[in-house]
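Report on one structure; see the data block that follows.
The values are calculated or read from the model by the stated rules, or taken from the named source; none is laboratory data. Note that the coordinates shown come from a computational prediction; the quantities given were computed from them, not determined experimentally. Quick reminder, even Gly has a Cβ in these numbers, built from the backbone with ideal geometry, and neighbours come from all protein chains shown.
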Amino acid sequence: MATRVVATATVRAVTGRKLIATRAALTLTPAAVQRIKSLLQGKPEIGLKVGVRQRGCNGLSYTLDYASTKDKLDEEVVQDGVKVFIDKKAQLSLLGTEMDFVESKLTSEFVFNNPNIKGTCGCGESFSM
């Protein structure tokens, strides 16, 4: 099955800010919730799936795909009527992360504000832990 890219994502290392521990592995901002709802509108998929893969100049990058089902070892995050599934390989790297959606004149993308990463590349697409 061919992989479909849903959207681009940028990674930001969070420093100097304490994130409040939550029960969810991933929290969504209102902008992210709205964008996911609009992406899923009229589609048979039930949510988005977040994963990681080795890529880029810093080692890892996030992947976003449509999800039709929840795999056995996926972590399910449900917030404001939106489902995001976290691939088992991405679960530890996403703990405490905030997923946001940011629009500017040049881009519109999901941004992962992650307190666990040690560094990012210049473009922000890959990270190291």
Given the conditions (1) at pLDDT below 85; (2) farther than 28 Å from LYS72 by Cα, report the number of the one that SER104 does not fulfil. (1)
If we ask which residues in region 83-97 are in a strand (DSSP E or B) and surrounded by 19 or more Cβ atoms within 10 Å (Cβ to Cβ), their number turns out to be 4
Report whether or not GLU125 is acidic (Asp, Glu), modelled with pLDDT under 85 and either within 14 Å of the chain's Cα centre (by Cα) or over 18 Å from ALA31 (Cα atoms) (or both). yes
Which of (1) surrounded by fewer than 17 Cβ atoms within 10 Å (Cβ to Cβ); (2) within 19 Å of PRO115 (Cβ to Cβ); (3) modelled with pLDDT of 80 or more does ARG17 not meet, given it meets every other one? (3)
Looking at this structure, is LYS72 closer than 17 Å to THR97 by Cα, surrounded by fewer than 20 Cβ atoms within 10 Å (Cβ to Cβ) and among the charged types (D, E, K, R)? no
